[in-house]
Number of protein chains: 2
Amino acid sequence: MRSLRKTVLLAIVASVVLVVALLHSWPTRAYTTVDVRQRPGPIVERHLEERLPEPDQRSANIPYRLKESVAGLLARNGCVCEGESGGVNLPFAQLLFPRVSAHPLHTAFDASELEEMKRRRAKEFQGFQMRSQTPVDMLIVAEANNPLQYPTQGVEVRPLKTILIPGLALQDLPRELYTVNFTSTLGALNVAAEVEGVKVKGDGEMHMTLMSSLLPNLNRQLQFVSYTNTLFHPSTADTVQFETEGHQAMFTIKIRHRVTPKLYNTGPKGEYNISALVTIATKTFLRYDKLQDLIDSVRRYYPTVTIVIADDSENPKTVSGPYIEHYIMPFGKGWFAGRNLAVSQVTTKYLLWVDDDFIFTANTKLEKLVDVLEKTTLDLVGGAVREATGYTATYRQTISIEPGEEEEGDCLHMRRAFHHIIQGFPNCVVTDGVINFFLARTDKVQQVGFDPRLARVAHLEFFIDGLGSLHVGSCDDVIVNHATKIKLPWVSQSESDKTYAKFRYPPASSDATHTKNGLLYFKNHFQCLTHN
Amino acid sequence: MRSLRKTVLLAIVASVVLVVALLHSWPTRAYTTVDVRQRPGPIVERHLEERLPEPDQRSANIPYRLKESVAGLLARNGCVCEGESGGVNLPFAQLLFPRVSAHPLHTAFDASELEEMKRRRAKEFQGFQMRSQTPVDMLIVAEANNPLQYPTQGVEVRPLKTILIPGLALQDLPRELYTVNFTSTLGALNVAAEVEGVKVKGDGEMHMTLMSSLLPNLNRQLQFVSYTNTLFHPSTADTVQFETEGHQAMFTIKIRHRVTPKLYNTGPKGEYNISALVTIATKTFLRYDKLQDLIDSVRRYYPTVTIVIADDSENPKTVSGPYIEHYIMPFGKGWFAGRNLAVSQVTTKYLLWVDDDFIFTANTKLEKLVDVLEKTTLDLVGGAVREATGYTATYRQTISIEPGEEEEGDCLHMRRAFHHIIQGFPNCVVTDGVINFFLARTDKVQQVGFDPRLARVAHLEFFIDGLGSLHVGSCDDVIVNHATKIKLPWVSQSESDKTYAKFRYPPASSDATHTKNGLLYFKNHFQCLTHN
């Protein structure tokens, strides 16, 4: 008994010692800390290149003459909210010569709340600036007559990974000793191989020096310089200083993940399989008759294409059928909320936006729109909408933003225009905004989104939010019909028409930042909207 | 009568002549064409910096010794799909020493369809590459001993606008005549002022030359060089060649709109107003009892915060109450479709994701999570979920992508780990993926989106899609409870539990590209997934 107890006791002690030893020798990883707190940093001096430079001492006496045609194109210090004044005062003048009108946007707010809104907007804008600043936008000027050779663009490393820095060399005059050194801030410098005749100091740290009396050897060593990102950030850049005696250079290493593709299955090879490639998306409110007309007209030409319907009617009716997806929303949740819902459900490569009162005809050839997006780099292509009168609209708009004083906001300029005709597609142009009948890459539209804060009237806000990320086109040879809106005096409005009108053309909203102008002011930091 | 007719006739003729004259003199704008067709371009040689360089003639004889600790970190030619082999074969070994397992993803497809899927994926990937290539990623190396001074980074112009090019100068040895010239491709070069003693040729064109016998005058002229973008594209870059005799330089001018802010109203100053700042979002399916428990528990602490519920149950019940938004979807539309729907409806600055079987407790302090996002540059911060057993999980995951051969795809590596502890927030870390309980910036989550193609089991796919754009954190001191999942043998499953289980843990799907692995293979162009 006693020897058994002793053995058991020994076994227990041995196990405990073993476990303790194991835990003790467990390689404990020392975690570093990272500072991701928002802090005001040096605001990149962006207006540098937009103002005429002050002369330094040497050039102060050299005479020059301003070239107004060019100097006038440079951005002003801050935008001013003004339209076109004067002009011909004839009947139909606005039709023939559309004048530009300017709308200050702070008017969306009562005088009593404007100060508070301005303060809040400034605070949110500051946070936005801190989060979107990147060393990649900083102005760097390459010194002349620099014996250093180095990469000025295109050096990239994935977070926490290692690369060789390409293109480094020293082309110096003969010396007894050649020295170069590197300084980084978000990663460590090192060498992937050690070259004979070169002394390396600080390898594995943020400051590294290479020294040699033989220039070819130093240059061979420079081909093995590596950079390892050690401070994690999903998308940033490190600015590396590269120096030799009397000269310095600066270059950026981008630290970021590669863009992961988001590809869609397109269906079998051959002709465009519209059902596999396209989903039709729409939003409806109280107009089930018009919606059913739309569906019937679609089915005449595309019997199996999926139709996604977002519905915020008060007493929703069932809308069903093969390839129909009907989504019920809280009553009156809103126009852009419904649009955002519909596009959020699309699983095909392209989506076609239609309003619930459109009618497909033989001219509504989706294959043509698919062809444009398959063959070009465009993300979205609009078609044309024909009214009962025969008038067909493409509603092309160009959108540009003129920077304003930070406290006031920028100026938004919209014009009925387009930029270029598209080579190979003579009926199509490049522009910034189009009518509410368009085919688009699903992933791009989902990325931009329709802001659910816009409850009622809104259209171009989607294209404003898409500025810079959507490449937009418009073709006038793919046409959909618009169910008539003409209010004939002897035809009484139906009940649903009346309720529809009440919501569609509403009185002023109570939540000012959720109105079109309030949102442009607060969300997008604009002060003024001009358009013709 | 006759004279009246004559007058009328004259009037008509006069009007016609006037109109014809007007139309004739109407300034017709000559529209240029733009070529936006997809074309295969030079694929940027990205692997340049990831392979050890071949020696040229001069350095071929210089001996060197590889430094394995660094050389081993450089990316291989293509990733290999392998996990960790061997290891201790003890019970609970996987718990104590989690081994990395590797999963080839092409296995999502039948052998019969794999070839076709590979072909389609390659075609879609090619289109993606053509659309995402930009001159900004091209490797540029600055020549040594170049008398030209020029900007290597930070020059930007808004589409179709004009800027002065900063930092240009020539520091040449004395000569009789100094000449510099510029070449651009997407815009025109010009001068904003004409300096005495300098001859300008080609101003307004894509090739411009400046000549002078006086160096200070030429340098003053270089301060007035302007660039106007003429070929519209919402986001691209022009590569400008800058030359003088015997030397050249290349730099990039980014052509793009500035990022438009998307700011949110935050409610009155002072303490964090959770109802103004946060919307709770969730998806439910057949578990109305658990959903109601969730809502009741939320209301105990946050009586007025909006809760958005996406519901794809078969016979949807009414879920109502103040600040509750209930959305009905087609039956079984899916998990990520529902998540995408819910987040598409949020109008506050932040959204809190919860599963429909969570329970809020006194430890579920949303103010703490808001504080992290208000004070750092993080976009999303996860909390912790406590099971009935007391076990609390944060499910932190790091995600990295190793490039593979183009035909095969990349390798996706996920590990249970984090990168750093966050300074100022000792309970919080930076990582890449977290558990399904997190607070996030609404605009960032909407941008990334939950892919509606993922109908059933999915979680980290959201974080994979967010790689590079979401800065993710995780704090373990904000805890929500998880309604028990323990299946006690003597408690019979409810009918809804059984149906739920059938959908939640389904057999293999028929549409292979909509399964988790099929989607990773096709959509994200991966070949392999490894995890521990």
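What pairs from A:K201/B:K254; B:K269/B:K444; A:K161/A:K201; A:K254/B:K269 go past 27 Å between their alpha carbons?
Details: A:K201/B:K254 38 Å; B:K269/B:K444 24 Å; A:K161/A:K201 22 Å; A:K254/B:K269 38 Å.
Check vs 27 Å cut-off fails for A:K201/B:K254; A:K254/B:K269.
Can you classify region A:323-443 as rounded, prolate or oblate using the Cα gyration tensor, where a ≥ b ≥ c are the square roots of its eigenvalues, rounded means a/c under 1.5, and otherwise it's prolate if a/b beats b/c and oblate if not? Each step should come with its number before you reach the end.
Values: a/c = 1.59, a/b = 1.12, b/c = 1.43.
Here region A:323-443 falls in the oblate category.
If you line up the long axis of helix B:335-344 against the longest principal axis of chain B, both from Cα atoms, how many degrees apart are they, to the nearest 10?
Between the helix axis and the principal axis of chain B, the angle is about 60 degrees.
Amide H neighbours of B:H420 under 5 Å, at least 5 residues apart or on other chains, H built in the peptide plane: list them.
B:V430
Which angle between 0 and 90 degrees, to the nearest 10, do you get for helix B:2-25 versus the longest principal axis of chain B when only C-alpha atoms count?
80
Could you give the angle, 0 to 90 degrees to the nearest 10, between helix B:495-504's Cα long axis and the longest principal axis of the Cα atoms of chain B?
For helix B:495-504, the angle is close to 40 degrees.
Could you run the Karplus curve 6.51 cos²θ - 1.76 cosθ + 1.60 with θ = phi - 60° over region B:67-74 and give me ³J(HN,Hα) per residue in whole Hz, x for Gly and Pro?
Computed from phi, the couplings for region B:67-74 are 9, 4, 4, 9, 4, x, 7, 6 Hz.
Rounded to the nearest 500, what is the protein assembly as shown's calculated 222 nm mean residue ellipticity when only DSSP H runs of at least 4 contribute -39500 (n - 2.57) each, over all residues?
Values: 26 runs with 258 residues, N = 1064.
The helix contribution divided over the protein assembly as shown gives -7000 deg cm²/dmol.
Among B:F425, B:L366, B:N61, which residue has its Cα positioned farthest towards the positive end of the charge dipole of chain B, with +1 placed on the Cβ of Lys and Arg, -1 on the Cβ of Asp and Glu, and the dipole taken about the Cα centre?
B:L366
For region A:368-428, run through the trypsin sites (Lys or Arg not before Pro) and keep only the ones in DSSP coil with at most 16 other Cβ atoms within 10 Å of their Cβ. The partial results should precede the final answer.
Numbers: sites: A:K368, A:K375, A:R386, A:R396, A:R415, A:R416; in loops: A:R396, A:R416.
Those that pass, being in a loop and sparsely packed, are A:R416.
Amide H of A:V191 versus every other amide H placed in the peptide plane: which residues, excluding those fewer than 5 positions away on the same chain, fall under 5 Å?
Counting only residues 5 or more places away or on other chains, the set is A:G204, A:S226.
In the neighborhood of B:A384, defined by Cβ-to-Cβ distances under 13 Å, what is the net charge if each Lys or Arg adds +1 and each Asp or Glu adds -1? Mind dumping the intermediate values first?
Details: positive: B:K365, B:K368, B:R386, B:R396; negative: B:E387, B:D476, B:D477.
For residues surrounding B:A384, the net value is +1.
Within a 10 angstrom radius of the beta carbon, how do A:Y272, A:Y391 rank from fewest other beta carbons to most?
Values: A:Y272 18, A:Y391 9.
Arranged by neighbour count, lowest to highest, A:Y272, A:Y391 become A:Y391, A:Y272.
Could you name the aspartates and glutamates whose alpha carbon sits less than 19 Å from that of B:K199, not counting residues in the same chain fewer than 8 places away?
Once the sequence-local aspartates and glutamates are set aside, what remains near B:K199 is A:E68, B:D172, B:E176, B:E243, B:E245.
Report P(r) for chain B: all Cα-Cα distances, bin width 20 Å, range 0 to the bin holding the largest distance, values in whole percent.
16, 37, 30, 14, 3, 0
Where Lys and Arg each count +1 and Asp and Glu each count -1, what net charge lies around A:S112 among other residues with Cβ under 14 Å from its Cβ? Let's see the in-between values first.
Numbers: positive: A:K118, A:R119; negative: A:D110, A:E113, A:E115, A:E116.
So the environment of A:S112 carries a net charge of -2.
Is the protein assembly as shown best put as rounded, prolate or oblate by its Cα gyration tensor, with a ≥ b ≥ c the root eigenvalues, rounded for a/c under 1.5, and otherwise prolate when a/b is larger than b/c, oblate when not?
On the way: a/c = 1.81, a/b = 1.04, b/c = 1.74.
It comes out oblate by the Cα gyration axes.
Tell me the trypsin sites (Lys or Arg not before Pro) within region B:100-157 that lie in a loop according to DSSP and have at most 12 other beta-carbon atoms within 10 Å.
On the way: sites: B:K118, B:R119, B:R120, B:R121, B:K123, B:R131; in loops: none.
The qualifying sites: there are none.
State the answer as a single residue: which of B:G246, B:L160, B:Y227 lies farthest towards the positive end of the charge dipole of chain B, with beta carbon charges of +1 for Lys and Arg and -1 for Asp and Glu, about the Cα centre.
Most positive-ward Cα: B:L160.
Taking the Cβ of B:C81 as the centre, find all other residues whose Cβ is under 11 Å away and add up their charges (Lys, Arg: +1; Asp, Glu: -1). Walk me through the numbers before you get to the answer.
Working: positive: none; negative: B:E82, B:E402, B:E408, B:D410.
Counting the neighbours of B:C81, the net charge comes to -4.
Do any of B:K283/B:K333; A:K290/B:K283; A:K123/B:K283 go past 22 Å between their Cα atoms, and which? Present the calculation step by step, with values, prior to reporting the outcome.
Working: B:K283/B:K333 11 Å; A:K290/B:K283 31 Å; A:K123/B:K283 33 Å.
Pairs exceeding 22 Å: A:K290/B:K283; A:K123/B:K283.
Of the beta bridges DSSP finds with both residues in chain B, what % are antiparallel, to the nearest 5? Could you put the intermediate results ahead of the total?
Numbers: 62 of 90 bridges.
Here the share of antiparallel DSSP bridges comes out near 70 percent.
For region A:318-370, what class follows from the C-alpha gyration tensor (a ≥ b ≥ c being the square roots of its eigenvalues): rounded when a/c is under 1.5, otherwise prolate if a/b is larger than b/c, else oblate? Could you put the intermediate results ahead of the total?
Values: a/c = 1.77, a/b = 1.65, b/c = 1.07.
Because a/c hits 1.5 or more and a/b exceeds b/c, region A:318-370 counts as prolate.
Which whole-Hz ³J(HN,Hα) couplings does region A:447-457 yield from phi under the Karplus relation 6.51 cos²θ - 1.76 cosθ + 1.60, θ = phi - 60°, glycine and proline marked x?
Along region A:447-457, the couplings run 5, 6, x, 10, 5, x, 6, 8, 7, 10, 5 Hz.
Place a +1 charge on the Cβ of each Lys and Arg in chain A and a -1 charge on the Cβ of each Asp and Glu, then give the dipole magnitude about the Cα centre in debye, rounded to the nearest 20.
Working: 57 positive and 58 negative charges, 347 e Å.
Computed about the Cα centre, the dipole is about 1660 debye.
Where a number appears in this text, it was derived from the coordinates with a stated rule and is not lab data. From a predicted model like this one, the values you see are computed outputs, not experimental measurements. Every residue, glycine among them, receives a Cβ derived from its backbone with ideal geometry; neighbour counts consider all protein chains shown.
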